[in-house]
Amino acid sequence: MTAPLDHNDVIELVREPIDPLPLVRPLRAPEDGAIVTFDGFVRNQSHDRATLYLDYEAYESMALGKMREIAADLHEKYPIDRVLIVHRLGRLEIGETSVFIAVSAPHRAAAFDACRFAIDTLKRTVPIWKKEYFEDGAVWADGELPPAPLATPRAKPAS
Amino acid sequence: MTAPLDHNDVIELVREPIDPLPLVRPLRAPEDGAIVTFDGFVRNQSHDRATLYLDYEAYESMALGKMREIAADLHEKYPIDRVLIVHRLGRLEIGETSVFIAVSAPHRAAAFDACRFAIDTLKRTVPIWKKEYFEDGAVWADGELPPAPLATPRAKPAS
Amino acid sequence: MPPVSQTVRVKVLFFGRLKDVVRQSEESLYLSDASTIEQLFALYAGRIPELAKYRSSVVASRNQEFAAWDTLLRTGDEVAFLPPVSGG
Amino acid sequence: MPPVSQTVRVKVLFFGRLKDVVRQSEESLYLSDASTIEQLFALYAGRIPELAKYRSSVVASRNQEFAAWDTLLRTGDEVAFLPPVSGG
């Protein structure tokens, strides 16, 4: 089930370079006072090996659903205004943005907490994978195993 | 004593509108993977009264010194790359940025922690004041009294 | 052993390193009526023995939601096997 | 009482609501040799009684550093009286 997108949030998977400025501008409402952004981009090394480039792939329909769920969670947990989560797929060069998150809010604490919760949760639960390309080969990056239900709920025996 | 500015940090007081994009771009080094930004801007109300505009003033020499100290502290406390702190002075309209902070780092946790420490510390310790203008008058905003030494250090009596 | 009853049609997806191991990303197939996600995975592990060693580092989804291994599959389900995620 | 010995020249700054109360933002003046920041503030509070009620919500700085009220002033010092700050 996909969480509905309301609050004018923007949740996207893109294949072109991410340009943050036009994305962030619409988050700014007159009743807001703070925007916190997180820009995650490609580092030139991983575990002390020089990275050439990265390639991101996603289970796109599920990734979008999980990103929308994160946005919906943020609105439940924090007094915020709008959420923007954009993740890029495909080949990314050093320094290019892979994920950009922005949260607007009347006050800064909620904007910080929500932005951080968003990226932490995205990294644990959104089905996106990156392959790291080095001089001497490529590896799928170590990642985190998302939490999944251990067993389907069953009717309890009557007591 | 003013903390020295190294690490290519940018610490500024300005009187013109703050344009974040050209400020943030130089923070991005090949060994970095994260930039967190905080944009604080003028809300349309304060304590349920409609704000018309704000006017910021500073004890400029001391404010710059304290902002540089914050940047120096960040480098001591967190594994970060560069720090940008820009505060605007003078008259600001609703929605205009009063303070913009950005921190780049190899990893996101340090960038988040440092950015938040920067704005929290700025609000407590940097000598800047804002006057809020309403339909029916103007008031100096409530603020925080910076921590100051309680007494000058004195030589202890020989024991 | 009776033939598979072929009453449940599912779409199966593999991602990341699992896709490399299975050498395909997507397949539709028919399963016996009471198949679980666990049994579906075992079916592939029977074909591709290397897959079995990933079992403990895989989560499954059904219709774009994380799902328990004992989930019973129904016709039209989309099942995906997901290695540890590394977005961001 | 002997006249002020006028050996210590300081610059005094007021900001925010204190500037409104004192009706000036900056002044240079001469103090007796052993004056503290506390005594300097008291001098202004003697001139402008309203200022006294702000004493508990003021911090002082000397040469752009926060300073204790018992700090002895030296010639050339720049002293500022700062109400609660509200930048950001």
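A few points about this structure:
- Each eigenvalue of the Cα gyration tensor of the range C:26-88, multiplied by 5 and square-rooted, gives one semi-axis; in descending order these are 19, 16, 10 Å.
- Compared with the dominant Cα axis of chain C, that is its longest principal axis, helix C:37-47 is turned about 80°.
- Exposure proxy ranking for B:His7, A:His87, A:His47, A:His75, based on other Cβ atoms within 10 angstrom of each Cβ and starting from the fewest, stands as A:His47, B:His7, A:His75, A:His87.
- Those aspartates and glutamates that a straight Cα-Cα span of less than 16 Å connects to A:Lys77, excepting residues fewer than 8 apart in one chain: A:Asp6, A:Asp9, A:Glu69, A:Asp113, A:Asp120
- Sum of -39500 (n - 2.57) over DSSP H runs of 4+, divided by residues of chain B (222 nm, nearest 500): -8500 deg cm²/dmol
- Ordering C:Lys53, A:Lys66 from the fewest to the most neighbouring beta carbons within 10 Å gives C:Lys53, A:Lys66.
- Each Lys and Arg adds +1 at its Cβ and each Asp and Glu adds -1 at its Cβ; summed about the Cα centre, chain A shows a dipole of about 460 debye.
- Looking at the range A:86-159, the GluC sites (Glu not before Pro) that sit in a DSSP loop and have at most 11 other Cβ atoms within 10 Å of their own Cβ are A:Glu135.
- A:Ser98, A:Ser46, C:Ser57 arranged by Cβ crowding within 10 Å, fewest neighbours leading: C:Ser57, A:Ser46, A:Ser98
- Nearest-20 debye value, chain C charge dipole, Cβ charges on Lys, Arg, Asp, Glu: 200
- Under 24 Å from the Cα of B:Lys131 - lysines, other chains or at least 8 residues apart: B:Lys66, B:Lys123, D:Lys19, D:Lys53
- Simple point charges give the picture: +1 on the Cβ of Lys and Arg, -1 on the Cβ of Asp and Glu, and for the protein assembly as shown a dipole about the Cα centre of about 740 debye.
- Teacher prompt: A:Glu16 distances to equivalent labels in other copies, 7 Å Cα→Cβ, nm: 3.0
- Computed extension gain for A:Glu144 through A:Leu23, at 0.36 nm per residue and net of the alpha carbon distance, reaches 40.7 nm.
- Local charge for A:Arg82 was computed over the other residues whose Cβ lies under 12 Å away, with Lys and Arg +1 and Asp and Glu -1, and equals -3.
- The protein assembly as shown shape via C-alpha gyration tensor axes, a/c threshold 1.5: prolate
Just so you know, all these numbers are worked out from the coordinates, no wet-lab data involved. If you're wondering where the values come from, they're calculated on a predicted model, not measured in any experiment. Ideal geometry is used to build each Cβ from the backbone, glycine not excepted, and the neighbour counts take in all protein chains shown.
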